[in-house]
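The structure appears right after this line, and notes come after that.
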Amino acid sequence: MGSGIWVIGEIEGYGLHPVTQELLSKSRSLREELGEELSCLLVGHDVARFKEEPFRYGADRVILVEDSSLEPFSETQFGKIIAELAREKGPTIILSGATERAKAFMPIAQTILETGLTANCMDLAIDPQTKVLLQTRPAYGGNLMATIVCRERRPQMATVRAGVFKAEQLSEWKVGPVEEVELKDELRQNPLTQVAFEPKSDDEAIPDYKGADVVVVAGRGVAEKGLIEKLKVIAQALGGVLGATRPVTDMGLLPRHAQIGQTGQVVSPTLYLGFGVSGAAPHTIGIQGSKVIVAVNKDPEAPIFKLANYGIVGDAKEIIDLLVDRLRDRTGRGEQNV
Amino acid sequence: MEIICCIKQVPATDTVRFDPEKGTLIREGIVAEINPYDLFALEAAVQLRESYGGRVTVLSMGPPQAEEAIREAISRGADGGILLSDRAFAGSDTLATSYILKKAIEKIGSWDVVLCGKQTTDGDTAQVGPGLAARLGCTCITCVEAIERMEDGRFRVRRRLEEGTYTLEADSPLVITIEMGANSPRVPSLKGKMRAKKAEIPIFTKEDIGAEDEMIGLAGSPTSVDSTYVPEFKGTHEMIQGTPAEQVDALLKIFREAGV
Amino acid sequence: MASVNYFLTEEQQMIKELARQIAREKIIPQRAELDEKEEFPWSIMKDLAQADLFGLFVPEEYGGLGGGCMDICVALEELAYGCIAVTTTYAASALGSYPIQLFGTEEQKKKYLPPIATGEKFAAFGLTEVNAGSDAAAIQTTAVEDGDYWVLNGSKQWITTGGEAEIYTIIALTDKHKGPRGASAFIVEKGDPGFTFGKKERKMGLRASTTRELFFTDCRIPKDRLLGRRGLGFIIAMKTLDLARPGIGAMGVGLSQAALDEAVNHARKRIQFGAPIISFQAIQHMLANMATEIEASRALVYAVARTIDAGEKDIQKLSAMAKLFPTDVAMKVTTDAVQILGGYGYMKDYPVEKMMRDAKVLQIYEGTNQILRNVIGQSLNKEYSKR
């Protein structure tokens, strides 16, 4: 047995972050192919209470670093701890979700370890011959999928987009060994002092783009205030969320978090409905998981039509107006006078 | 306050076209611009200088034409800039890049804070900022929306993570990455443009910064591309014909079939 | 395809790029909302200030960049491509500063021009009154000497940036019976005793620009606020307008260009009878006229601006021409753009209806186009009488 696959466990609310669940689930197959142990690292303040959770998703072992100095979160301290543990125990692979925290501490650990790190992977596999980790991520703004390898140096490190793997609990599982690690004094140094924390308020709460069943998207072709309002009505009538391409959020017509695509929200709805969206790759890479893609655009040559299941070449404004009327009819006139 | 702002010249996303048959970029028509994320870092840097005095030095690694990006940064308020350009730097991944930047910053000498954009639109890794902090052995704070300097010399920042916004304090030196949308980047000024035109942009090569061969370029980059493929989309492919009213009828039917 | 080479200097090329960038990034995304809400464009004015554009029309020794008429026209054209109301707010500060630049004492220039150059303060120009529009000589606002003060009484109507501006140059009668020599120009500051503002006017177009009445009720200002000499009021006003009019022409060019761009883009995409409407001659001919007249306007504005920059002093006729033709073209081009967009053009969802509303004011303010024809006609008469 080799020295292991590590998944860095993150906590969200009252349990393991979904992306940690997804990574542990995916890593079970990597473990089979490599014949190595799968460990989940839990590092933080007040994380010990979650130490059994990783076993539900297939971890063989939990490495627990529980320390009060780990609050507030400091990527500097966190990265050093991961690097120190990795030096000591020599894992083959370190994986984590591409969360804001991990995107900060993984490069710090990587740099200390002088090894490779691949960001925002959308697939992971083991090369059957070389046993190297094949890390597939979008390149050139999603026009191309590139499989990245880190051939010589170890560990091989990668962050993975949330939502690309499925979280699967084991039907039968048992709590395995939990290895508790005491931090050395120098690693207990947290360079950050927390002065205040404001939780995200309700009105700035970001809609659940990732989990949305219907995603309506405003593209450059409909970048006008009045049309955006109508699209909101459509999104609401369909029980979905309204997103946009980058030019639209750049113009301030919708908040930045509404940007759908490689550098924004990655969505996988049942229905994707794009108006005036040309379909540039940075956007389309974020909608690959959609079941049905419908696009309305004036330009018959727009790349979005190459991947749309249904396309309408025409004036998006006209279609939007008709659609608003018809959806009002459907839901009953008067109720949707938003 | 000595402020270093790292920027990168990238292809403007909306000018990037791709040949799916060949699997290569269409070079023609590509317009280069400052990585949009970096504009927020630059604005934060210029605002810091305006509040506390000092100098903003822009640092960029790239081919000789990346000098244009540095000139634009000067027209947007930076005091000066340095281009890191050497054939030996080509092929550097984020690990090698953070090494090269670190060597350049050491050559610059004294500094209080390094500001970086959160990520780039071309690489999309968000790794160079934190990696650079690790190389410099200093504290890193990512996803920052606002920075102020306290009377005691410490920095106070607002950092936004998924669950909310933290106000944090830390000692300099610091590497800070700035969140997209943290401020409203100013347009260039006329005086800035004139200054930018005249500015001398020193070019640092491998020798100038004393970089070791095995740490830069392909040799210093542990990751490599094993293979590539063009993503394919599967399923029905149908253009809906007819009058707009008929097309909307068809849409409603598709919605019903999709169960929404 | 080639565009006309106007041989802009490197600086002018820079100004053009910068103003264009501001129009694209800052003005166009906000213009519809500012128009709808009749909101003063504070944030865009800040952008213009930060970009040093307010310094363009102020000499270097007073903190500006000392741009010439051509430089300013290049900037105005590009800004007007985005929005006439926003550009008017900017141009009004130049207009209000010209009397000080042309006739101010060293002390007046040192005091008033630097904050105008940085955009920290806006200037405004007050000539028009309820009973004195085209007939400027009919003004009724008076200024009476009282010891070390001038005391102003009366009102000024439809003053651009009235209320938001800090520095006003006001034309008032000092000697009722002296006819054209009976008026003088004064600098009035916001906050001077007896100086108040009327309500914000509601307008057809130009809605993001503020227009107010100015009231002077025993408004006492120190003696050193007199501009030039007593009796120079109308000359100061005429010289100011002569200098400003090519800029209004440049705004007409920028607005026309924006309308043409919208019209051509629409005509290329709009399919009727199975073909893009640009393939129909009726549309092609309209577009052809628009494009040709715009280019002629631009050539005229640039030529006159350069003549002024070359030091020509007798510019009344030329600058009237440089305002007259491009603004008439702008009215026609924006109207045709609405026509080409048809129903879309008439809707507020599209930008051309606003362009058409905004175009109208260009034919009215800073000398109606009828008055400009008088000016040109009288100049011709004078010129030919000397032959």
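The values are calculated or read from the model by the stated rules, or taken from the named source; none is laboratory data. Predicted model, so just to flag it, every value in this text is computed and none were measured. Note that each Cβ is placed from the backbone with ideal geometry, even for glycine, and that neighbours are counted across all protein chains shown. Remember, those area values only see protein heavy atoms, side chains included, never the ligands or the DNA or RNA. Shrake-Rupley method; radii C 1.70, N 1.55, O 1.52, S 1.80 Å.
Below is a table of values for the structure above.
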| item | result |
| --- | --- |
| Partner aspartates and glutamates for B:Lys107 [C-alpha distance under 12 Å; skip if fewer than 8 residues away on the same chain] | B:Glu207, B:Asp208 |
| Packing-based ranking, highest mean first, of C:180-192, A:20-32 given that Cβ atoms within 10 Å are counted | A:20-32, C:180-192 |
| Interface B:C - total buried accessible surface [probe 1.4 Å, Å², rounded to 100] | 1400 Å² |
| Cα-only Debye scattering, the range C:310-371: base-10 log of I(q)/I(0) at q = 0.23 Å⁻¹ | -0.86 |
| Pairwise centroid distance, computed over Cα atoms, of the range B:193-260 with the range C:268-306, Å | 37 Å |
| Distance cut-off 32 Å, percentage of C-alpha pairs in chain A lying past it | 40 percent |
| For the range C:235-382, fraction of C-alpha pairs farther apart than 19 Å, in % | 54 percent |
| Global form of the range B:2-215, assessed from the alpha-carbon gyration tensor, a/c cut-off 1.5 | rounded |
| The range A:86-167 shape via C-alpha gyration tensor axes, a/c threshold 1.5 | oblate |
| For chain B, calculated [θ]222 nm from helices alone, where every DSSP H run of n ≥ 4 adds -39500 (n - 2.57) | -9000 deg cm²/dmol |
| Rounded to the nearest 20 debye, dipole of the range C:235-382 from Cβ charges on Lys, Arg, Asp, Glu | 140 debye |
| Cβ-derived FRET efficiency at R0 35 Å, B:Thr243 paired with A:Lys232, nearest 0.05 | 0.85 |
| Accessible surface of the protein assembly as shown [probe 1.4 Å, protein heavy atoms]: carbon and sulfur percent | 50 percent |
| Under the Debye formula (equal points on every Cα, no solvent term), log10 I(q)/I(0) of the range A:159-279 at q = 0.10, 0.13 Å⁻¹ | -0.51, -0.70 |
| Inter-centroid distance (Cα atoms) of the range C:63-108 relative to the range A:99-132, Å | 56 Å |
| Interface size B-A, as summed buried accessible area [1.4 Å probe, Å², nearest 100] | 7100 Å² |
| Whole-Å semi-axes of the ellipsoid equivalent to the range A:5-188 (Cα gyration tensor, √5λ, descending) | 24, 19, 16 |
| Check: the protein assembly as shown dipole with +1 on Lys, Arg Cβ and -1 on Asp, Glu Cβ, in debye | 3000 debye |
| Heavy-atom surface of the protein assembly as shown, accessible at 1.4 Å and reported per residue (Å²) | 41 Å² |
| Gyration tensor (alpha-carbon) shape descriptor, the range C:123-231, a/c threshold 1.5 | oblate |
| Rg/Rh for the protein assembly as shown, where both radii come from Cα atoms and Rh is the Kirkwood radius | 1.03 |
| Average other protein chain Cβ within 10 Å of Cβ, residues A:189-196 | 6 |
| Largest-first principal axis extents of the Cα set of the range A:220-338 (Å) | 39, 28, 25 |
| Greater than 18 Å apart at Cα, pairs in B:Lys197/C:Lys16; A:Lys80/B:Lys8; A:Lys26/B:Lys118; A:Lys230/A:Lys317; A:Lys103/B:Lys118 | A:Lys80/B:Lys8; A:Lys26/B:Lys118 |
| Mean projection area, nm², convex hull over Cα of the range C:86-160 | 6.2 nm² |
| Percent of alpha-carbon pairs separated by more than 18 Å within the range C:12-65 | 40 percent |
| Rounded tilt (10° steps) of A:316-331 against the dominant C-alpha axis of chain A | 90 degrees |
| Label point at C:Asn289 placed 7 Å out along Cα→Cβ; residues across the range C:331-353 whose backbone nitrogen lies under 16 Å | C:331-342 |
| R0 of 25 Å, Cβ-Cβ distance B:Ile30-C:Glu10: FRET efficiency to nearest 0.05 | 0.50 |
| Cα principal axis extents for the range C:1-117, largest first, Å | 46, 39, 20 |
| Point-charge dipole on Cβ atoms (K/R +1, D/E -1) for the range B:111-260, about Cα centre, debye to 20 | 800 debye |
| The range B:149-178-the range A:162-210 distance, computed between alpha-carbon centres (Å) | 21 Å |
| Listed residue (C:Ile235, A:Leu23, B:Gly62) projecting farthest to the positive dipole end of the protein assembly as shown, Cβ model | C:Ile235 |
